[in-house]
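Since the structure comes first, as structure tokens, the remarks are kept for the end.
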Amino acid sequence: MRSLFAKRVDDIPKSFIREILKVIDDPEIISFAGGLPNPEFFPVEGIKEAASKVLTEDGTNVLQYSTTEGYLPLREYIADRYFKRQGLKISPEEILITNGSQQGLDLIGKTFLNEGDGVIIEEPGYLGAIQSFSFYRPKFHSIPLLDDGIDIESLKDTLAENDCKLFYGVPNFQNPSGISYSDKKRREVAQLLEESNTVFVEDDPYGELRFIGEDIPSIKNYLKDNTILLGSFSKIVAPAFRLGWIVMSKEKMEKVIVAKQAADLHSNYFAQRVIYQYLLDNDIDQHINKIKEAYGRQREAMVNSIKEYFPPEVSCTEPEGGMFLWITLPKELSSLDVFEMAIKEQVAFVPGSPFYVNQGGKNTLRLNYSNVAEDKIEKGIKSLAKVIKRAL
Ligand code: PMP
């Protein structure tokens, strides 16, 4: 019998998180499950003014089709910001504006992956990347994350034993774990990938959201030509624009551009013009500082409550930025069982196993702090602590 569906959709993991979000529609539930930025910081007025300005001053053009690469002044702005923040020299010709960085992941899979190609992924890893790449049926090699980034010994072994085309990682405040790579690890990763001719896909939607410590240079600094760097406006302006970008060498760009054309011709041009106008007319650093201050406080409230209420055999990461932290329960507990119990106590989180390509992580879970008010964090963690103690 002929199947209606292509083989490639056979084993695509569903977004477990979206499934969970359906269950926890109830506004009474304190949800640490979502991955949403805090809407209090969406710059509604600034966006309103920017939209009105571009429509008034250039109405017919901003509603027209545009180039696949994206609006040049916006790409120049992004390149300039990399230089100012990190001293990274990137030319606007190396930047492609995408429909969120999520589309960047899909285009990378489409352009670079043949069935069976080796892809290294962190464990736990970003579910959206696992999902995007899965359509191209690669062979995933997962490597555990330690407190200061990927396990280098395991990376060495994997590279020695397998031909790996890509390594996908999130070195700053990773989703789901909140872990960041130390500078030493970034250099070691770059060195190893250089030697094995593996491309690092450096996904960095949270890099600007550091609230503790100093910024650490991006791996792109150490692995210039063999890094594909992804960025996004979702966490620093607003996710609804669906605007992100890919930074890559011109040789790679030539092919990825074709994939982008085939997918959607170009990213929403009106949105690009509005965001650019917003960036021109507002102090984005000041705006990001406000977000960082709030997330820093929310994260502190969460970590303090965890330390106060959770049993000592439960451990958590202590992120220096971003939106998530990661909990490891004692081995005998299943976070799925704890989830069922927690929902009854009106508190939610994301169980950890969907972030593992090889079905591990049963005793882990992800907590989001960016989208929960500070005063609710303690209450939610207290309820969760009660559930965990009962499960033990
Ligand atoms: N990468 C990571 C690591 C993420 O956490 C997210 C958002 N959940 C994305 C990519 C996608 O972001 P966007 O498409 O909104 O830019």
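Just so you know, all these numbers are worked out from the coordinates, no wet-lab data involved. In this text, all values refer to a predicted model and were calculated from it rather than measured experimentally. In this analysis, Cβ positions are derived from the backbone assuming ideal geometry, glycine residues included, and neighbour counts consider all displayed protein chains.
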* Given springs between every Cα pair under 10 Å in a Gaussian network model of the chain, which of 382, 220, 235 has the largest fluctuation? -> 382
* Shape call for segment 89-195 from the C-alpha gyration tensor, a ≥ b ≥ c root eigenvalues: rounded (a/c under 1.5), prolate (a/b greater than b/c) or oblate? -> rounded
* Structure fact -> Of the residues 103, 41, 373, the Cα lying farthest along the dipole of the chain towards its positive end, which is defined by charges on the beta carbon of Lys, Arg, Asp and Glu, belongs to 103
* Fully extended, how many nm does the chain gain between residue 183 and residue 26 (0.36 nm per residue separation, minus their Cα-Cα distance)? -> 52.3 nm
* To do: Could you please rank 180, 234, placing first whichever residue has the fewest other Cβ atoms within 10 Å of its Cβ?
  => 234, 180
* **Most positive-pole-ward Cα, 326, 279, 350, against dipole of segment 262-376 from beta carbon charges** => 350
* Asked: Taking square-rooted eigenvalues a ≥ b ≥ c of the alpha carbon gyration tensor, is segment 1-76 rounded, prolate or oblate, where a/c under 1.5 means rounded and, failing that, a/b exceeding b/c means prolate?
  -> oblate
* Asked: What is the Å³ per residue value for the convex hull set by the Cα atoms of the chain?
  -> 158
* Asked: What's the local net charge at residue 212, with K and R +1, D and E -1, over the other residues with C-beta under 12 Å away?
  -> -2
* To do: Rounding to the nearest 20 debye, state how big the charge dipole of segment 239-383 is about its Cα centre with +1 on each Lys and Arg Cβ and -1 on each Asp and Glu Cβ.
  => 440
* Asked: Net charge near residue 363, counting Lys/Arg +1 and Asp/Glu -1 over other residues with Cβ under 12 Å of its Cβ?
  -> -1
* Using the Cα centre as the reference, give the magnitude of the dipole from point charges on the C-beta atoms of the chain (Lys, Arg: +1; Asp, Glu: -1; all else neutral), rounded to the nearest 20 debye. => 640
* Structure fact -> Taking a ≥ b ≥ c as the square roots of the Cα gyration tensor eigenvalues, with a/c under 1.5 meaning rounded and otherwise prolate when a/b beats b/c or oblate if not, segment 309-351 comes out oblate
* Using the number of other C-beta atoms within 10 angstrom as an exposure proxy, rank 253, 1, 341 with the fewest first. => 1, 341, 253
* Asked: In the neighborhood of residue 176, defined by Cβ-to-Cβ distances under 14 Å, what is the net charge if each Lys or Arg adds +1 and each Asp or Glu adds -1?
  -> -2
* Structure fact -> Most exposed first, judged by fewest Cβ atoms within 10 angstrom, 222, 181 run 222, 181
* Name the residue farthest towards the positive end of the dipole of segment 1-81 from the options 51, 21, 32, assuming +1 on Cβ of Lys and Arg, -1 on Cβ of Asp and Glu, about the Cα centre. => 21
* **Simple Cβ-charge dipole of segment 35-115, Lys/Arg +1 and Asp/Glu -1, about Cα centre, in debye nearest 20** => 220
* To do: Sort out for me the Cα centre separation of segment 42-72 from segment 136-174, rounded to whole Å.
  => 40
